[in-house]
Structures are given as structure tokens and as C-alpha cells.
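Encoded as C-alpha cells, the structure appears first; notes follow it.
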Amino acid sequence: MLTIQTTNEARVAIEPGFTWDAQDAYLFDIDGTLLRSRDRVHVDSFASSVHRVTGFEITLAGILLHGSTDTAILREACNQAGVPANVLEARTEAILEAMRNVVAERRHELDLVRMPGVENTLDHLARRGALLGVATGNLELIGWIKVEEVGLRQWFRFGGFSDHFPIRSELIGHAADKAREMAGRGASICVVGDTPRDIEAARANFLSVIAVATGRYSFDELMQYQPEVCATSLADLMAFQRTPL
């Protein structure tokens, strides 16, 4: 894999023969890829919603959130807290709806920041004719609220969310199907994410990957999963794009 060291901190690696900005469609993860949350509104909605609907107390302590899905996190937290399976099965949709309502009601408390280079990257890909969508572990309403709050909603025409897909590879597959409906059955589709789970979910659907080290995982950690592209940030990838070889 070709690796370009642009500064002491910025790194970009691109697999030979892969043109990162020439794919037909892109599926962007939200948290850690497009934006970062500096609040606990979404995180706290799990425990408050479970308690409101079932009366049980849960915690997300010890649960890996990065790269997971809201529906999988909810299930794991409830299992960890000893919520009876029949109670969870019967009340899952009510809990998810409560979570949506909590975030919608508290959206004014959201403290979100765009990741470096995001809008320039979206503009660049759109100008090249790419179809842009999101593919995220967020519930749909929550995901779109976050994207709207950071002023990026206009770039995206569709999305894949976890409302009905606790397994990330399944929601990626669902989003990819939507992309093919809009861009054509033979469309080349690339997943853009910040965790190993994004890469694994893309691979499960035979999709290419741009991995960005703007979340919990470092450039070197993501490189171990052999994405077609790995960059310290989308800003660094765009800078590489502008740098003559």
C-alpha cells in the first residue's frame, strides 16, 4: 500500500489502483467520521428511556460504543442489567421511540463539532457526481438531527440506520441497496468510517473503505484492517489530493 507522510502528524495511505474520489456512491458514518459530540444527550437517552418504559436501571459502563449500533447497545446494556428478555422484546420499540423523543426534545443541548475537512470532502465528491448517503449506528431520527445540527443535511440523499438493524453489516447492506437503486445496480460504493467495525461491515458487503482516524482508533490501528484508504483525517486526505506527486 502506498503511504504518504505529509507532516509529522498527517498520514495518508492509498491502495495502488484505487481512486478514492471516483466511486459512484459513498456511505458516511456519522459519529467520529462526520462529527463529534461534546455532550451526553444521546448517550444518556438509553438509561432514561429504559427506566421510563420498563422501570429498570441500566448503564452503558463497560460497553463498547464506538462502531456499535443503538439497537445493539440497548440490547447489551439491558442484558448486562438483567432486564428479562421477554420484557425487552415486548418494549424495545417503545424504548427506541422514547430515545428518539429525548434527543428531539433536547436537541438544543447538543454540542456537536464537524470533523476536519468534512464539508470540503463532501463538496469535492458531489462535484465529481457521487451519490452521498449516511450509514450509521444511530437511530434514523437521531442521526438526521445530528447531521442537521452541524449544517450537513443538504449533502445527503439517503441513509442506513439501526432502527431495524442491530448488526452493522446489515444496515450497511441496506444502505448499499438504496445506493444501487439510485445510482444503478453496478454502482461502486465506498464506506467512510472511523472504526474497525465500519471496515468489517463494509467487507461483509464486498464494499471498499476509506478509514479516518478521527475517532477512538489511531491510523496504525485502522491500517491493520487493510482499508483501501486510511487517513488521519478527511482534511489530510483532501490535502493529499491537492499535493502533486
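The values are calculated or read from the model by the stated rules, or taken from the named source; none is laboratory data. All values derive from a computational prediction rather than experimental measurement. In this analysis, Cβ positions are derived from the backbone assuming ideal geometry, glycine residues included, and neighbour counts consider all displayed protein chains. The accessibility values were calculated without ligands, DNA or RNA, using every heavy atom of the protein model including side chains. Shrake-Rupley method; radii C 1.70, N 1.55, O 1.52, S 1.80 Å.
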*Compactness of the chain as Cα Rg over 2.2 N^0.38 Å, two decimals*: 1.02
_Between residue 89 and residue 218, what is the label-point separation in nm under the 7 Å Cα-to-beta-carbon projection?_
4.5
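So which trypsin sites (Lys or Arg not before Pro) in the range 49-145 are both in a DSSP loop and have at most 13 other Cβ atoms within 10 Å of their Cβ?
On the way: sites: 52, 75, 91, 100, 106, 107, 114, 127, 128; in loops: 106, 128.
The qualifying sites are 128.
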*How big is the convex hull of the Cα atoms of the range 110-245, per residue, in Å³?*
119
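Taking only C-alpha pairs under 8 Å that are 6+ residues apart, what is the relative contact order of the range 137-245 in percent?
Details: 129 pairs, mean separation 18.3, N = 109.
Reported relative contact order: 17 percent.
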*Quick one: length gained pulling residue 9 to residue 128 fully straight, 0.36 nm per residue minus the C-alpha distance?*
40.0 nm
*asked:* Just to confirm, what accessible area per residue do you get for the chain at 1.4 Å probe, in whole Å²?
replied: 45
*Tally up the carbon and sulfur contribution to the accessible surface of the range 68-132 as a whole percent, 1.4 Å probe, everything protein left in place.*
44
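Over the range 64-215, what is the mean sequence separation of C-alpha contacts under 8 Å (at least six apart), divided by residue count, expressed as relative contact order in percent?
Working: 172 pairs, mean separation 37.1, N = 152.
It comes to 24 percent, rounded to a whole number.
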*Note down the nm distance, to one decimal, between modelled labels 7 Å out along Cα→Cβ at residue 57 and at residue 106.*
1.8
*Helical contribution to [θ] at 222 nm, DSSP H n ≥ 4, -39,500 (n - 2.57), averaged over the chain, rounded to 500*: -13500 deg cm²/dmol
